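Okay, so here's the structure we're looking at.
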Amino acid sequence: MEHEISKEDLSAFLDEELEPSRNTAIENHLKSCAECSGELDRLRGASAAFRAAGSPPAPARLAGAVLRGKGPKRVKKPNLVVKWAMSVAFCVFLFLTMGKMFKPAISQMFKQILAQVSGAVSSVGSGN
Amino acid sequence: MANPEEPDLSKLTAEELVEKTLDRAFGLAVRLTGNRSDAWDLTQETFVRAIAGLSGFRGESDPSTWVYRIMVNAWKNKVASRPWRWWRRVVSIDSDSLFEDAGKVLPYADDPAPEYALESAERTRRVERALQRLRPEDRAALMLREFEGKSYREIGEILGIPVGTVKSRLFHARSALADELESEDGA
């Protein structure tokens with residue numbers, strides 16, 4: 001079936017923003033066109049979902065800040081994923097850097113511990 | 001003859017202006033900017049300008065329409081001059097924070113049943129996620145129509161666009177929102 005109306009007209013029909021003659025034409029068309037009726041329902045559903053979600057209310061302190069003519073300096077917070085990625089990257093960097101810097105000292109420490117343990121084992125073995 | 005019970009809008013004080021329009025203006029700011037942090041700044045800037053120009057407000061239009069026009073102009077200037085849009089994308093999209101400080105998960109849910117509150121909260125989050133994918137101008141047009149009940153002519157005045165463009169934006173916003181909600185249902 002050829003449609004006499006556009007989808008934008010359907011949206012405007014929902015808002016009652018069309019001229020009366022156009023409104024009547026659309027009402028008559030909808031009686032016999034399942035496709036346009038379905039599209040109208042779809043648009044109506046989207047509007048209803050938007051209204052049901054509500055409008056974000058203003059923070060309690062904003063009115064005071066506005067009337068004082070200034071507000072707290074708001075630091076832009078990066079989103080959680082970025083914060084975690086940056087934390088992990090920093091920890092890996094720290095680990096690699098410290099590992100590289102202290103590798104000789106750590107090796108020396110392990111050798112000393114090993115030597116002491118070996119010495120202790122030998123002295124126990126010899127009965128001293 | 002003026003109705004003596006109605007306040008004289010041409011003599012609006014700053015406190016009255018804030019009381020009448022702040023909440024709704026913040027809602028529009030959130031739709032324009034996509035996050036509460038930028039919305040705070042935009043709202044503040046808007047009201048600084050509005051309060052400074054209050055003596056010139058003659059009460060011929062609704063105060064909210066006047067404030068919204070200031071806000072949209074301020075937003076357009078801000079968006080046009082911002083150099084670091086990639087950082088804005090990193091910090092801005094956080095639909096779960098849109099209702100923080102509200103005191104309850106869904107501001108307009110009166111039913112105290114916890115199951116309803118949870119379901120409503122999830123529905124709200126889905127809608128907010130879908131809205132983030134729309135253009136700011138489309139979100140703003142939808143908000144002005146659905147929450148403010150503005151006519152196409154008034155929306156056109158506020159957004160600085162012809163009525164035909166308002167019609168097109170509203171259709172686009174509803175259709176895109178319907179598509180997103182359907183795809184989330186099917187996911």
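The values are calculated or read from the model by the stated rules, or taken from the named source; none is laboratory data. What you see is a predicted model, and the numbers here were worked out from it, not measured in a lab. Positions of Cβ are backbone-derived with ideal geometry, glycine not excepted, and every protein chain shown enters the neighbour counts.
For residues that are facing another protein chain (nearest Cβ under 7 Å) and modelled with pLDDT of 85 or more, tally how many sit in region A:61-75.
We begin by selecting, within region A:61-75, every residue facing another protein chain (nearest Cβ under 7 Å); these are A:62-63, A:65-67, A:69, A:71, A:74.
Next cut, modelled with pLDDT of 85 or more only: A:62-63, A:65-67.
Total meeting the criteria: 5.
What's the total number of residues in region B:158-175 that are buried (at least 19 other Cβ atoms within 10 Å of the Cβ) and farther than 15 Å from B:GLY34 by Cβ?
Qualifying residue count for the region: 10.
Looking at A:ASP9, A:ASP41, can you tell me which residue is charged (D, E, K, R) and within 33 Å of the chain's Cα centre (by Cα)? So that I can check it myself, show each step before the final result.
Details: A:ASP9 fails: within 33 Å of the chain's Cα centre (by Cα).
Within the list A:ASP9, A:ASP41, the selection yields A:ASP41.
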Revision key, fill the gap. Only unsatisfied item for B:ASP62, checking (1) surrounded by fewer than 18 Cβ atoms within 10 Å (Cβ to Cβ); (2) modelled with pLDDT of 85 or more; (3) under 17 Å from B:MET143 (Cα atoms), is (2)
Check your understanding: Which of the residues that make up region A:1-41 are away from chain B (no Cβ under 14 Å) and surrounded by 16 or more Cβ atoms within 10 Å (Cβ to Cβ)?
Key -> A:ALA25, A:HIS29, A:LEU30, A:CYS33
Practice item. Scan region B:20-31 for residues that are more than 8 Å from chain A (Cβ to nearest Cβ) and surrounded by fewer than 22 Cβ atoms within 10 Å (Cβ to Cβ) and jot them down. Key: B:LYS20
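Being small (Gly, Ala, Ser) and in contact (Cβ under 8 Å) with a residue 12 or more places away in the chain is the filter here, so list the residues in region B:175-187 that pass it.
Narrowing region B:175-187 to residues small (Gly, Ala, Ser): B:175-176, B:178, B:183, B:186-187.
Within region B:175-187, B:ALA176 is the sole residue that qualifies.
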**Study point:** Near pairs, Cβ below 6 angstrom, 6+ apart or cross-chain, from region B:42-69 (more than 10 Å from every other protein chain (Cβ to nearest Cβ) and under 18 Å from A:ALA63 (Cα atoms)) to any residue that is in a helix (DSSP H, G or I) and among the aromatic types (Phe, Trp, Tyr)
**Key:** B:LEU42/B:TRP75
Review point. Can you name the residue in region B:136-174 that is assigned to a loop (DSSP other than H, G, I, E, B) and in contact (Cβ under 8 Å) with a residue 60 or more places away in the chain and is also nearest to the other protein chains (Cβ to nearest Cβ) among such residues?
Key: B:PHE147
Review point. Given the structure, is A:PRO78 over 30 Å from A:LEU14 (Cα atoms), within 24 Å of the chain's Cα centre (by Cα), facing chain B (nearest Cβ under 8 Å) and at pLDDT 80 or above?
Key: no
